[in-house]
1. If you check Leu136, Leu130, which single one turns out to be surrounded by 18 or more Cβ atoms within 10 Å (Cβ to Cβ) and under 15 Å from Thr154 (Cβ atoms)?
2. Yes or no: Leu102 touching a strand residue (DSSP E or B) at 6+ places or on another chain (Cβ under 7 Å) and either modelled with pLDDT under 95 or assigned to a helix (DSSP H, G or I) (or both)?
3. How many residues, within segment 99-108, are touching a residue at least 40 places away in the same chain (Cβ under 8 Å) and open to solvent by less than 20 Å² (accessible area, probe 1.4 Å)?
4. Looking at segment 109-124 only, could you name the residues that are farther than 16 Å from Arg140 by Cβ and either assigned to a helix (DSSP H, G or I) or open to solvent by less than 80 Å² (accessible area, probe 1.4 Å) (or both)?
5. Of all residues in segment 178-200, which are open to solvent by 100 Å² or more (accessible area, probe 1.4 Å) and among the β-branched types (Val, Ile, Thr)?
6. Hey, any hits in segment 153-173 for a residue that's outside any helix (DSSP H, G or I), in contact (Cβ under 8 Å) with a residue 40 or more places away in the chain and surrounded by 11 or more Cβ atoms within 10 Å (Cβ to Cβ)?
7. Kindly indicate whether any position in segment 139-155 is under 25 Å from Ala80 (Cα atoms) and of a type in the set (Phe, Trp, Tyr).
8. Output the number of the condition that Pro94 fails; it satisfies all remaining conditions of (1) touching a strand residue (DSSP E or B) at 6+ places or on another chain (Cβ under 8 Å); (2) in a helix (DSSP H, G or I).
Amino acid sequence: MVFLCSAHRSHVLTHAQCGPAAVAWTPKFVHVRAMTGQNAMRSDIRHKPIAAAVGEQAPLKLEQFLPYQLNVVATLVSQALSRVYARRYRIGIPEWRVLVTLGQFGVMTGKAIGAHTHMHKTKVSRSVALLEKRKLIARRINRADMRESFLSLTAAGRATYEELAPDALDFARRLTDILTPDDREAFHRALQQITARSAELVAEAIKQDGAGVGDMGEM
């Protein structure tokens, strides 16, 4: 058992060091600790209105910043959708993109897949290697350029694509069924416009600093 010695109130000592007289200080010590916690709570409550007031005057509010809002939506949707294909097909987001892109276009190079999916070439390469190991895609060397290969789905890959497509479409339907038909149409139109404008801003940034822009994020 631990007590606070009356001769050394700032130190925690054992019963053997202080003796029975030290017991008298224990209730006071515990009370001080409890009051300290209460005071800290009161202080936190008092400061919350101040923080809220300062936040309202901030020139930039993260939760109202459109790029942040879009990123949050993309992250949440990605997390929800990834549970479907990660659990059922044991593939991640990058592999999902590659598989669906090849299911849509048939035969493509890794470079073309990267451009279509907005993924960095390293991520595309890793995804292709994983899908090839799983026997879901096949690789054929481009005789005109030995540095690249033509990629396509195998029979197993095509079957996986055709199996997951209805689930993905159903997820997309459930995602937007809270909107009215008019709102849904307006949303898709606005999304296309924002996507096009974002591509223009990326091109401007690349032109200004001469640096490439990496992966657009997870979706």
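The values are calculated or read from the model by the stated rules, or taken from the named source; none is laboratory data. Since the structure is predicted, the reported quantities are computational estimates derived from the model, not experimental observations. Every residue, glycine as well, gets a Cβ built from its backbone with ideal geometry; the counts of neighbours run over all protein chains shown. Note: accessible area is taken over every heavy atom of the protein model, side chains too, but ligands, DNA and RNA are not part of it. Shrake-Rupley method; radii C 1.70, N 1.55, O 1.52, S 1.80 Å.
1. On the way: Leu130 fails: surrounded by 18 or more Cβ atoms within 10 Å (Cβ to Cβ).
When all the criteria are applied, what remains is Leu136.
2. yes
3. Qualifying residue count, segment 99-108: 3.
4. Let us first name the residues in segment 109-124 that are farther than 16 Å from Arg140 by Cβ, namely 114-124.
Those that are farther than 16 Å from Arg140 by Cβ and either assigned to a helix (DSSP H, G or I) or open to solvent by less than 80 Å² (accessible area, probe 1.4 Å) (or both): Gly114, Ala115, His116, Thr117, Met119, Lys121, Thr122, Lys123, Val124.
5. Quick first cut of segment 178-200, residues open to solvent by 100 Å² or more (accessible area, probe 1.4 Å) only: 178, 182, 185, 189, 192-193, 197.
Hit for segment 178-200 is Ile178, nothing else.
6. yes
7. No, the conditions are met nowhere in segment 139-155.
8. Result: Pro94 fails condition (1) only.
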